[in-house]
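Encoded as structure tokens, the structure appears first; notes follow it.
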Amino acid sequence: MSTARRVPTAILISGRGSNMVALIEAARAVEFPAEIVLVAANLPDAGGLQRAAAAGIATASVDHRPFGKDREAFERALDAELQAHGIELVALAGFMRVLTPWFVTRWQGRLINIHPSLLPDFRGTHTHARALAAGVTEHGCTVHFVVPELDAGPTILQAKVPVLPGDDEASLSARVLEQEHRIYPQALALVASGATRLEDGVAIGR
Ligand code: GAR
């Protein structure tokens, strides 16, 4: 059995949590450098919460709605959950809240996200529909460090897929999702092990 320290990690979700499941599965291996100790959601009915609990992971729900427009107050409540669980690394996995500079700066270099496009192309939402409308022949996904500017942080890993004749949003998103599930565990391992890190706004070691 490995004696290496595993980095206590939280996954933040808003929905079904298929990337979350991929991370939990990968982190079952004793040699995986991150340990998933918490899954937290901003919506109490996020389907992924039940899947996390079924996998034996602690869950928390911090509903953003009572905080109204005060995003930072929501994030302080979320941050309190992270602190209470001794979290050192945070992986956003379909977490559909824009984070303020307060939170992002606090977790700088320890906060990563998966985005369903080949960044810098198609930042924001509806990436697959926009890729189809733009007529691109290649699409994909990106794991990146989170910085205050939305979907603009340095890339950790990227995977490409072809856009095929006859593709619609469903077929294209399924092809991309398969790659998300492959590269997100790899990227988390790179960051948790220190092989890839954020220094002066640049991803080192990739
Ligand atoms: C994933 O495709 C992820 O890349 C995307 O939401 C989906 C969540 O699915 N994230 C974003 O769009 C973030 N801007 P999942 O809940 O099954 O992992």
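Take every Cα-Cα distance within the stretch 54-107, group them into 5 Å bins from 0 onward, and report for each bin the whole-number percent of pairs it holds. All Cα pairs considered, the percentages come to 4, 16, 29, 29, 15, 5, 2. Sequentially through the stretch 95-105, phi angles give Karplus couplings (6.51, -1.76, 1.60; θ = phi - 60°) of 8, 9, 10, 6, 9, 7, x, 4, 5, 5, 5 Hz, Gly and Pro residues having no value and appearing as x. Each DSSP beta bridge with both residues in the stretch 15-144 is either parallel or antiparallel, and the antiparallel ones are about 30%.
Rolling a 1.4 Å probe across the protein heavy atoms gives the chain an accessible surface of 47 Å² per residue. I'd like the distance separating the alpha-carbon centroids of the stretch 16-55 and the stretch 155-199, in whole Å. If you average the Cα positions of each part, the centres end up 17 Å apart. Applying a DSSP loop filter and a limit of 14 other Cβ atoms within 10 Å to the GluC sites (Glu not before Pro) in the stretch 139-184 leaves 149.
Loop-located trypsin sites (Lys or Arg not before Pro) in the stretch 27-92 (DSSP state not H, G, I, E or B) with no more than 14 neighbouring Cβ atoms inside 10 Å: 28, 69.
Adding -39500 (n - 2.57) for every DSSP H run of four residues or longer, then dividing by how many residues the chain holds, sets the calculated 222 nm ellipticity at -10500 deg cm²/dmol. Loop-located GluC sites (Glu not before Pro) across the stretch 21-54 with a Cβ neighbour count of 12 or fewer within 10 Å are 31, with loop assigned by DSSP.
For the chain, the fraction of C-alpha pairs more than 21 angstrom apart is 52%.
Per residue, the convex hull spanned by the Cα atoms of the stretch 48-149 amounts to 129 cubic angstrom.
Close amide H contacts of residue 41 (hydrogens built in the peptide plane, cut-off under 5 Å, sequence separation of 5 or more or a different chain): 13, 60, 61, 62.
The values are calculated or read from the model by the stated rules, or taken from the named source; none is laboratory data. The model shown is predicted, which means the values in this text are computed figures rather than measured ones. Heads up, the Cβs are rebuilt from the backbone with ideal geometry, glycines too, and the neighbour counts pull from every protein chain shown. The accessibility values were calculated without ligands, DNA or RNA, using every heavy atom of the protein model including side chains. Shrake-Rupley method; radii C 1.70, N 1.55, O 1.52, S 1.80 Å.
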